[in-house]
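A short reminder: the numbers here are calculations on the coordinates, not readings from a lab. Here the structure is a predicted model, which is why all the values come from computation and not from measurement. Cβ sites come from the backbone with ideal geometry, for glycine too, and all protein chains shown count toward neighbours.
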Amino acid sequence: MSAEELAWHIYTETIPGAMSLLPSKMDSPQARAMMLAIAFQESDFKHRFQVPVAHAHGLWQFEKEGGVKEVLSHPVTMPVVLPICDLLLYAPTSIAVWNAIPYDNELAAIFARCLLYIDPRTMPFHDQPEKGWLIYKARWRPGKPHPEKWPSSFEQAWDIVNADR
């Protein structure tokens, strides 16, 4: 499966499954596009483990003591993800979730949406890549950001979302 095919599969199968477990207010085309844009930015749908050292896991490249821990402990997302972890038979701990994320795309998508949900800003529309970049930087806190790649990641994500309409 190519990266483009995986991105489409994540959009059409995985993200809807993840959204079905989350509160309906968390779902929107803008949120789905941001999720895709971040996966393009972080892994390009080619890596489940950070390269060259696997400090981050999954298509969204979560760090154990970063995004995973934040989602599990934030007062806004903790009441959402703890029952989901229980439902999916994962211990609600950073290590358990971090170890599961590379192999469970739905769990990874849930954590990606929840990490975005912590941000107080609304999700950006297709013509707001700069806003998307600011949200991505604030939530993922990339150690080596690649701003030159973001416009393409954002555009690819919106191409997928718009193709489904």
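At a 10 Å Cβ-Cβ cut-off, how would you order 35, 1, fewest neighbours first?
Exposure proxy ranking, most exposed first: 1, 35.
Calculate log10 I(q)/I(0) of the chain for q = 0.14 Å⁻¹, where I(q) comes from the Debye formula with a single equal point scatterer on each Cα and nothing for solvent.
Log10 of I(q)/I(0), two decimals: -0.63.
In segment 66-97, which residues have a backbone nitrogen under 15 Å from the label point lying 7 Å from residue 118's Cα in the Cα-to-Cβ direction?
Under 15 Å, as judged by backbone N against the label point of residue 118, lie 66-82, 93-95, 97 of segment 66-97.
Fewest Cβ neighbours within 10 Å first, please rank 135, 118, 110 accordingly.
Ordered from fewest to most neighbouring Cβ atoms within 10 Å, 135, 118, 110 come out as 118, 135, 110.
Please label the shape of segment 100-165 as rounded, prolate or oblate, based on the square roots a ≥ b ≥ c of the eigenvalues of the alpha-carbon gyration tensor (a/c under 1.5 means rounded; beyond that, a/b larger than b/c means prolate, else oblate).
It comes out rounded by the Cα gyration axes.
In what sequence do 148, 155, 106 fall when counting other Cβ within 10 Å, fewest first?
Details: 148 7, 155 14, 106 19.
Going from sparsest to densest Cβ surroundings: 148, 155, 106.
Sticking with the crude label model, points 7 Å out along Cα→Cβ, report the distance from residue 128 to residue 155 in nm, one decimal please.
2.1
Return a whole-number percent for the relative contact order of segment 66-144, with Cα pairs under 8 Å and 6 or more residues apart as the contact set.
RCO, segment 66-144: 30 percent.
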